[in-house]
Structure formats: C-alpha cells, structure tokens
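Student: Before we start, here is the structure in question, set down as structure tokens.
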Amino acid sequence: MATERTLTIIKPDAVAAGHIGDIIKIFEASQFMIVAARLVRLSKKEAEGFYAVHRSKGFFESLTNFMSSGSALVMVLEGENAIARLREVMGATNPANAAPGTIRKLYATSIEHNAVHGSDAPETAAYEIGYFFPGVALV
Ligand code: ATP
Ligand code: MG
C-alpha cells in the first residue's frame, strides 16, 4: 500500500447544517492528513465542470444547482490507501444504503444531499486536485 492523495468536498448541505467540524473529526480519527483546504462557493459552471462525467444523467441539473447553492469546503487528504479508504469512511452514495458510522449515514439527508464527495480512482483524484488547486505546491 502506498501513501496517496485524494480530493474531498464537504458539500453545501453539510456546511449549512454545521457539520464541518464533525466531518473533519472523522477524517482525523481515520488517519487522514489535510494537506490543502479552500472554502468555495462554486459557480454553476464550476459545478458542471467538476461533475462533467455525469452530464448525461437525469440528476445533473439538480446536482449542479445543489453544488452551487452555498459554501463548500474542498480539501486534499493524504494517507495510506487514501482514495479507497476515504470512500469507505464516506459510505454509500445513497445514505439509505450507507453502513453505520459512515459520514453519509450520519449526515446525508438524501442521495443528492449526501454531505461529502470523494475521488473514486487515482486518475480522478489527480484531475480533481488539479481542478481546485492548480499549480499549488501542497504541504
Ligand atoms: P461523489 O462523486 O459526490 O463522491 P459518488 O461517487 O458516491 O459521489 P456519483 O455516482 O459520482 O456518486 O454521483 C455524484 C453525486 O451525484 C452524488 O454524490 C449525489 O450527490 C448525486 N447523485 C448521484 N445519484 C443521484 C440520483 N440518483 N439522484 C440525485 N442525485 C444523485
Ligand atoms: Mg463520484
């Protein structure tokens, strides 16, 4: 196993509900190091660019409206096997299917308003880190 970096977003629903601290506490307890962080208010265009892979989906319009609806906290996390481990700590996309103790089980309120994003593969992690932290030398 190798040290990896992955991108996470605490989505507008969880920021508005006051769960930034709760979620960062879980990241820290799960042996992730925060190596970059930015509070952003995505424009609709930025949300569309970030989720471009879902452009053809029926939920794309609603998803990108949601993601541009308020502040979101974007972070790069580092750790052993970080990409797959973050996905485990997040839980299933639909909170109804998320395992007990996962972030989505605890804080998501629907399949769309599901509290957090996490990169799903090394290629997407590299792309997404560059999307939010272009040219930034990470800590
Ligand atoms: P993310 O990419 O945000 O980490 P994910 O990889 O678990 O989530 P994706 O399939 O990539 O899930 O979907 C991206 C996001 O689109 C989901 O996190 C959720 O906010 C929204 N979404 C996915 N499926 C649906 C759906 N059926 N209806 C509404 N929104 C959805
Ligand atoms: Mg995804």
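The values are calculated or read from the model by the stated rules, or taken from the named source; none is laboratory data. Owing to the predicted nature of the structure, the values given are computational and were not obtained by experimental measurement. Heads up, the Cβs are rebuilt from the backbone with ideal geometry, glycines too, and the neighbour counts pull from every protein chain shown. For accessibility, only protein heavy atoms count, side chains too; no ligands or nucleic acids. Shrake-Rupley method; radii C 1.70, N 1.55, O 1.52, S 1.80 Å.
Student: Excluding Ala121 itself, calculate the net charge of residues whose Cβ lies under 11 Å from the Cβ of Ala121, where each Lys or Arg counts +1 and each Asp or Glu counts -1.
Tutor: Counting the neighbours of Ala121, the net charge comes to -3.
Student: Here is a further query. Only four residue types carry charge here, +1 at the Cβ of Lys and Arg and -1 at the Cβ of Asp and Glu. Report the dipole size of the range 40-107 about the Cα centre in Debye, rounded to the nearest 20.
Tutor: 200 debye
Student: Determine the sum of side-chain charges near Ala99: Lys and Arg each +1, Asp and Glu each -1, restricted to other residues whose C-beta is under 14 angstrom from that of Ala99.
Tutor: +3
Student: Could I ask something else about it? What does the net charge come to around Glu78 if you take all other residues with beta carbon closer than 10 Å to its beta carbon, with K and R at +1 and D and E at -1?
Tutor: Around Glu78, the surrounding residues sum to -1.
Student: Could you tell me what percent of the accessible area of the chain is made up of carbon and sulfur, with a 1.4 Å probe and every protein chain present?
Tutor: 57 percent
Student: With +1 on each Lys and Arg Cβ and -1 on each Asp and Glu Cβ, how big is the dipole of the chain about its Cα centre, in debye rounded to the nearest 20?
Tutor: Dipole of the chain, to the nearest 20 debye: 260 debye.
Student: For the chain, report the accessible area per residue in Å² (1.4 Å probe, heavy atoms, rounded to an integer).
Tutor: On a per-residue basis, 50 Å².
Student: Over all directions, what mean area does the Cα convex hull of the chain project, stated in square nanometres?
Tutor: Taking a quarter of the hull surface, the average projection is 8.0 nm².
Student: Taking the dipole about the Cα centre of the chain, with the C-beta of Lys and Arg at +1 and of Asp and Glu at -1, give me whichever of Gly21, Ile34, Ala99 is farthest to the positive side.
Tutor: Ranked along the dipole, the leading option is Gly21.
Student: Enter the per residue convex hull volume of the range 96-139, computed from alpha-carbon coordinates, in Å³ rounded to the nearest integer.
Tutor: Dividing the Cα hull volume of the range 96-139 by its residue count gives 114 Å³.
Student: When the solvent-accessible surface of protein heavy atoms is calculated with a 1.4 angstrom probe, in what order do Met67, Met33 fall, highest first?
Tutor: Met33, Met67
Student: Cα convex hull of the range 32-92: mean projected area in nm², to one decimal?
Tutor: 4.9 nm²
Student: If you don't mind, another one. In percent, what relative contact order does the chain have, based on Cα pairs under 8 Å that are 6 or more apart in sequence?
Tutor: Rounded, it is 37 percent for the chain.
Student: Please build a GNM for the chain, connecting alpha carbons under 10 Å apart, and tell me which residue among Gly49, Gly58, Gly70 fluctuates the most.
Tutor: Top of the fluctuation ranking is Gly58.
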